[in-house]
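Worksheet: the structure to be examined is printed underneath.
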Amino acid sequence: MAFIAFLSTFVACKPKNAGTAVSGDAAGKAYVAPGKYDEFYNFVSGGFSGQMSAYGLPSGRLLRVIPVFSVDPEKGWGYSEETKPMLMTSHGFVPWDDLHHPELSQTNGEIDGRWVFGNANNTPRVARIDLKTFRTAEIIELPNSGGNHSSPFITENTEYVVAGTRFSVPADNVNGDVPISSYKENFKGHLSFISVDKTSGAMDVAFQIQCPGVNFDLSHAGKGKSHGWFFFSCYNTEQANTLLEVNASQKDKDFIMAVNWKKAEEYLKAGKGKKVAVKYAHNVYNEETHSASHEIRNQVTVLDAKELKDLCYMIPCPKSPHGCDVDPSGEYIVGSGKLAALIPVFSFDKLQKAIAEKNFDGEYDGISVVKYEAALYGEVKKPGLGPLHTEFDGKGNAYTSFFVSSEVVKWNIKDLKVVDRVPTYYSVGHLCVPGGDSKKPYPKYLIAYNKITKDRYLPTGPELSQSAQLYDISGDKMQLILDFPTIGEPHYAQAVPADIIRNNGQVKIFKIDENKHPYAAKGEGESKVVRQGNKVHVYMTAVRSHFSPDNIEGIRMGDEVYFHVTNLEQDWDVPHGFGIKGANNAELLIMPGETTTLKWTPDRVGMFPMYCTDFCSALHQEMQGYVRVSPSSSKVPLSFTLGGNSTQPVK
Ligand code: RUQ
Ligand code: CUA
């Protein structure tokens with residue numbers, strides 16, 4: 001049982017100087033005075049919350065939780081009729097997922113402030129969030145995949161959002177009803193290249209590459225000189241299917257897989273892709289109709305890495321690599337072996353030379369293996385325990401997180417010497433330097449995202465707060481200046497100077513004249529209630545401080561009532577809400593100029609109050625009304641009024 005003892009040493013340990021690391025001027029550095037804006041936006045993954053949140057830095061103030069892959073009653077996301085299609089998949093409606101990695105769009109390798117992408121780790125999907133509205137605009141499912149972890153990393157002009165399957169599985173078009181022990185023979189790993197339209201951002205699965213069955217963990221695009229290549233860390237190259245904790249930790253080295261995606265494009269042009277029948281969802285939110293659409297797509301083009309020999313190369317990497325990071329110059333590729341006692345740094349130039357000279361060490365399942373020394377630039381010796389992720393400051397330094405030894409280690413990329421280290425509290429996972437994954441980092445802060453907070457915050461029962469820690473990295477020494485709790489478990493995060501987002505054409509209102517929602521009422525005169533069999537459509541308006549209509553009678557048991565609420569306001573920051581007693585979904589939160597629909601099936605005869613759920617004005621509490629529900633046989637005529645007057649003649 002020696003291995004158990006060995007592995008059990010790889011749980012987190014607590015640094016000795018906990019709590020004493022903050023020095024005197026820290027508070028001033030993180031302080032943002034009331035009424036002042038933060039300098040950076042920080043987009044942080046919510047992990048198992050399925051959402052992404054936006055914080056201000058350096059204050060650590062939570063600005064917004066952006067619902068992505070999970071329903072959010074606060075905003076009606078996944079509850080309103082308009083947003084339900086966004087959470088549809090080939091498995092039907094999926095109200096939850098696990099978001100690990102935000103990735104900001106780039107132009108010429110620099111953050112352009114247009115979109116942020118996020119991955120669904122469970123039911124494999126990629127989402128695009130529009131940073132003009134801070135709303136999820138599109139979600140695409142990934143066929144042939146299981147556990148979409150090495151995702152959604154982008155190329156330097158956002159040509160592709162790339163996603164690798166974490167769990168290899170039998171491809172969707174073959175029989176998956178096979179013994180689990182037939183992993184080696186039947187399980188495959190697929191990498192998805194999702195194209196992104198330059199102007200609209202529209203996503204499409206351009207192609208996939210079928211690779212050997214291993215676990216793809218993380219990835220990053222080449223930049224500058226290595227633009228055209230993508231790098232994926234692989235573990236479980238043992239191809240184990242059980243007790244991976246032991247069985248996937250056998251080999252001394254796993255791999256980083258280098259993928260030549262420009263070559264893949266050539267092969268596609270030459271017709272080398274195979275069209276494969278699959279089923280995956282594609283959901284798009286349309287800002288003119290304020291509604292989402294959902295479709296199932298049926299085909300994907302797959303390239304075979306075994307057949308097309310110069311597409312993929314394996315680089316040996318010690319030992320069970322997790323992070324796979326590329327420095328701003330594109331020359332250095334850093335692998336972080338979770339169980340390794342060093343950090344290998346690979347050279348893109350050396351890799352190219354090794355490939356050209358066929359300096360190989362045989363093949364792994366049909367893929368050429370480049371000799372370790374032939375691709376290696378050098379190793380950072382004894383950096384710490386359990387390296388996970390590396391970010392860069394663009395000044396020649398790299399910052400690596402160490403889960404087991406709970407610290408961030410700063411090292412020089414050229415001479416591979418450790419230059420500084422600071423403790424984290426505790427068990428740090430990802431790191432973020434604003435722009436640290438682009439050609440242009442903004443090296444003022446470093447944020448550490450921790451898995452465990454133990455004694456850092458007031459206790460809250462068995463589940464303690466998740467946390468981030470902010471370090472000032474503008475000087476030679478890293479300095480801890482702030483702890484702030486996060487929503488859900490933070491995995492990766494990215495940050496960007498606030499002006500890049502603020503000046504991107506932020507949407508303040510939706511113009512009511514441009515509202516193309518089929519059930520919009522663009523003025524009180526258009527408000528009405530229409531019965532179509534047992535479906536009742538309420539074309540309702542909201543404006544400070546009433547709904548029109550606010551009294552509705554003639555609803556009968558067995559009816560399905562659709563409240564299509566249009567917010568008539570044309571002022572920034574004046575949403576209205578809508579809730580009705582007994583509704584089995586959530587409320588609505590409707591932005592100025594927008595129409596949103598709540599479906600309600602009354603379950604009993606009686607009187608049902610409805611009200612505005614957002615404190616919109618001094619007379620917000622007066623913004624209310626009643627719906628009368630009668631038995632199914634009732635002869636009460638359908639009527640709808642405001643101020644005692646029928647808002648429109650009853651039809
Ligand atoms: S993970 S803590 Cu990105 Cu899901 Cu490394
Ligand atoms: Cu509208 Cu409160």
Inset, instruction - Let me see the pair-distance distribution of segment 506-592: every alpha carbon pair, 10 Å bin width, integer percents in order. - result: 17, 48, 29, 6, 0
Inset, instruction - Add +1 for every Lys or Arg and -1 for every Asp or Glu among the other residues with Cβ under 13 Å from the Cβ of SER150, and state the total. - result: -2
Legend entry - segment 21-180: C-alpha gyration tensor shape, a/c 1.5 cut-off, then a/b vs b/c: prolate
Legend entry - Per residue value of the accessible surface for the chain (all protein chains in place, 1.4 Å probe), Å²: 39 Å²
Inset, instruction - Grab the alpha carbons of the chain, take their convex hull, and tell me the volume per residue in Å³. - result: 177 Å³
Legend entry - Alpha carbon Rg of segment 400-452, scaled by the compact-globule rule 2.2 N^0.38 Å: 1.15
Inset, instruction - Could you quote the convex hull projected area for segment 451-598, Cα atoms only and averaged over all directions, in nm²? - result: 14.8 nm²
Inset, instruction - Could you work out the local net charge near ILE367, counting Lys and Arg as +1, Asp and Glu as -1, over the other residues with Cβ closer than 12 Å to its Cβ? - result: -4
Legend entry - Computed over segment 337-438, the ratio Rg/Rh where both radii use C-alpha atoms and Rh is Kirkwood: 1.04
Legend entry - Largest-first ordering by accessible area, 1.4 Å probe, given options ASP614, ASP217: ASP614, ASP217
Inset, instruction - Using Cα centres only, tell me the gap between segment 560-581 and segment 426-453 in whole Å. - result: 39 Å
Legend entry - Gyration tensor (alpha-carbon) shape descriptor, segment 558-609, a/c threshold 1.5: prolate
Legend entry - Estimated 222 nm signal from helices in the chain, with DSSP H stretches of n ≥ 4 weighted -39500 (n - 2.57), rounded to 500: -1500 deg cm²/dmol
Inset, instruction - Decide, for segment 436-508, between rounded, prolate and oblate: order the square roots of the alpha carbon gyration tensor eigenvalues as a ≥ b ≥ c, take rounded if a/c falls under 1.5, and otherwise choose prolate if a/b is larger than b/c, else oblate. - result: oblate
Legend entry - Surface share of carbon and sulfur [accessible, 1.4 angstrom probe, percent] for the chain: 53 percent
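The values are calculated or read from the model by the stated rules, or taken from the named source; none is laboratory data. What you see is a predicted model; the values in this text were computed from it and never measured. All Cβ positions, glycine included, derive from the backbone under ideal geometry; neighbour counts span all protein chains shown. Note: accessible area is taken over every heavy atom of the protein model, side chains too, but ligands, DNA and RNA are not part of it. Shrake-Rupley method; radii C 1.70, N 1.55, O 1.52, S 1.80 Å.
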